[in-house]
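Notes follow once the structure below has been shown.
All of the numbers you see were taken from the coordinates with simple rules; none came from a lab. Since we're looking at a predicted model, the values are computed, not measured. Note: ideal-geometry Cβ built from the backbone for every residue, glycine included; neighbour counts use all protein chains shown.
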Amino acid sequence: MLHFEGLRKKIIKNYFTIIIITVALFEGLFIFYIQNYYYDYVRQSLMNQKEYTKSVYDAPTSSTGSFESKVKNIVEKQNTEKNSIYAIEIINKNSEVIIDPYGFRVKEKVSYEDVTRALRDVKDLTPYTYRQPETNEHVMSISVPLKTNNIIEGVVRYTVSLDKIDNIIFKLTFGLILAGICILLIAISLSLRFAESLIQPLRELKQFANELAHGNYSIKLKNTNISDDEIGDLAQTFEHMAAEIDKSEKLKEEFISSISHELRTPLTSIKGWSETLGYEGITKEELDLGLGIIQDETERLIKLVNELLDFSRLASDRIKLQIDMVDIRHLATGVVNQLKVKSSEKNITLSVEFEDEEIESVQGDKNRLRQVLINLIQNAIKFTSEDGFVKLVVSQGEEYTTIRVIDNGCGIESHNLDKVLDKFFQEDYNKAGSGLGLAISHEIVKLHGGTMSIDSEKGKGTVITITIKNKLIESI
């Protein structure tokens, strides 16, 4: 059962209104054209008869005769014509009918407008349309003055009935109205189909959105009912949105699981060793070991909390750079020296290389750039096996400074390369980490007007390349 409401009602109403206006205008113009065509035909015939009458009455053979003999000649010539459509009246100069349309001689006085104008010898005489009072017959007539030596002797009046023409026009009008009704019915049928073709996919999109609202992000649209147009594009956008939400939800769940693990492990160690240190008879070696573990796990928690705070600031655009001149050579060397102890624990060779002899200072936030380098190098160390290497390579151009972190670690699967910069993403959730380090580093690099790219091959190693602008502002 159809319900004429909402979008369907609007479509049908607007579509129907347009069709009604179009059909009405077309039929009105067509009827107007037909009526004018037939009436103009009769009008032109009367005008031709007017000229014909003048030529007959003014002919040399009739110039010497009396008025009655001349008009008799006109009537006889007219009556000899077959299928004549004209009714002829002869009227004298006193507006009295000498011969009526039936050929009888009467002395009835008339007051037709066209007769009056003809007796006054008005120029540009044209046919006159009216209805006869006695019979209500619709007629068109024209009166032609009959003159001798420029003196009006009388009038010959031609009359044509328009009833047959009106009947033809009525039939054509009735036919056009029936055709218009058929067109409107077809238009309603087409508008219903058109409305349904729009409403059905929109109804599916509504159901799809309701499923999304209830957390069903794996739902798929029925592509058989979605056309390849703007609604189809909207449907694809909905599906893409659902896929992205589903991916975000999975990342969030994995992140919560990972963070829970990251928090639980150091807290368990701190709790266990704090209880152990409270026992009597603990040796100095055990005391030193326990305090060292508590310190390491505390630093690990602080780092995790700092990453979460940085992520929160980045998400709300609250990170502001403290722009200053940064000595890149000194910064890179300092970070490498700082992390050499960590790399030596896995017997990993950590080095820095400068491809240009002169490395000028750049404008940037020194602490944030240090954070980026530390994150990248720590990641490289984490995913590089023992006896491997991690190299920091720095080069500088006129506009940008390029820093590459190269390792021969486990690498990244090719299908994950476009995801590693996403927040919370971790290729191996068994490794310690929040999945925020690379995402935060990427955002900091972008704040420095730069880019970050990753080139990696599974089992062979990874190259992370960052570029930062040498000058962020004209002057400091």
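Descriptive notes on the structure:
- For L162, the residues whose modelled amide H falls within less than 5 Å of its own, excluding neighbours fewer than 5 places apart on the same chain, are H138, V139, M140.
- Backbone HN-Hα couplings from phi across region 34-40 [Karplus 6.51/-1.76/1.60, Hz, Gly and Pro as x]: 5, 4, 5, 4, 5, 5, 5
- Couplings 3J(HN,Hα) for region 86-92, derived from phi with the Karplus relation 6.51 cos²θ - 1.76 cosθ + 1.60 (θ = phi - 60°), are 9, 9, 10, 10, 10, 10, 7 Hz, where x marks Gly and Pro.
- Electrostatic bookkeeping for I31 treats Lys and Arg as +1 and Asp and Glu as -1; over the other residues with beta carbon under 15 Å from its beta carbon, the sum is -2.
- Pairs over the 22 Å Cα-Cα cut-off, from the set K382/K460; K340/K391; K93/K164; K50/K147; K446/K471; K220/K458: K93/K164; K220/K458.
- For K458, residues with placed amide H under 5 Å, excluding near neighbours: I412, S414
- Alpha carbon centroid spacing (whole Å) that separates region 235-249 from region 384-414: 34 Å
- Residue-wise HN-Hα coupling along region 41-46, computed from phi with Karplus coefficients 6.51, -1.76, 1.60 (Hz; x: Gly, Pro): 4, 5, 4, 5, 4, 5
- Residues with amide H under 5 Å from that of V352, placed H, sequence gap 5 or more: L392
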